[in-house]
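Following: one structure in structure tokens, then a few remarks.
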Amino acid sequence: MRIEAFLRQSPVVQASRMARRMEASLNVVLKDEEVTAFEAMVLAAIFFEKRGEIKPSALAEAFETTRSNVSHCISSLEAKGLVQRRIDPEDARAVQLVLRPLGRRRAVRVVGILDRMQRRFEEDFGAAKLEGMLTQMSAVEKLCARMAGGH
């Protein structure tokens with residue numbers, strides 16, 4: 001297509017394309033765990049909480065996504081028997097997410113997979129180079145935000 005040269009040069013388009021391909025690859029890596037990339041991140045987040053409990057709204061904030069996306073993810077994880085919603089003892093209007101025993105075991109495996117991937121990135125590219133890449137990506141993101149804000 002004629003637009004392809006422009007698309008290849010656009011950091012925004014390329015970052016979006018890369019993010020979709022990386023997520024697809026991560027989904028393949030996680031296939032045996034029977035969770036998607038986002039489900040794996042939610043499991044890991046619950047696992048790392050002090051008491052293994054977290055509110056859905058905190059997940060939406062941490063992952064910079066909508067509560068609706070988190071709710072769909074939680075419903076899927078519940079259907080798989082990995083998490084359960086529990087009434088917050090301090091606020092009966094709120095729920096907390098708790099790992100079920102199968103969810104805890106799955107979370108441990110998922111965290112191991114993500115940790116091994118991070119080590120591989122650091123071995124292949126070096127921690128400093130990875131940090132530099134993230135810094136550059138953040139700078140592009142901030143510039144996009146400024147342009148979106150009219151500044």
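The values are calculated or read from the model by the stated rules, or taken from the named source; none is laboratory data. Please read all numbers here as calculations on a predicted model, not as lab measurements. Cβ sites come from the backbone with ideal geometry, for glycine too, and all protein chains shown count toward neighbours.
Against the criterion of being of a type in the set (Ser, Thr, Tyr), under 24 Å from ASN27 (Cα atoms) and loosely packed, with under 13 Cβ neighbours inside 10 Å, SER75 qualifies.
Taken together, the residues in the range 41-68 that are in a helix (DSSP H, G or I) and either at positive phi or β-branched (Val, Ile, Thr) (or both) amount to 2.
Exactly one residue out of SER68, SER16 is free of Cβ contacts under 8 Å to residues at least 40 places away in the same chain, of a type in the set (S, T, N, Q) and closer than 30 Å to MET133 by Cβ, and it is SER16.
Screening THR135 against (1) under 20 Å from the mean Cα position of the chain (by Cα); (2) under 22 Å from SER25 (Cβ atoms); (3) not hydrophobic (A, V, I, L, M, F, W, C) leaves a single unmet condition, (2).
Taking the criterion of being modelled with pLDDT of 95 or more, surrounded by fewer than 17 Cβ atoms within 10 Å (Cβ to Cβ) and assigned to a helix (DSSP H, G or I), would at least one residue in the range 81-98 satisfy it? So far as the range 81-98 goes, no, none of its residues is modelled with pLDDT of 95 or more, surrounded by fewer than 17 Cβ atoms within 10 Å (Cβ to Cβ) and assigned to a helix (DSSP H, G or I). Residues in the range 36-44 include none that are more than 19 Å from ARG106 (Cα to Cα) and within 14 Å of the chain's Cα centre (by Cα).
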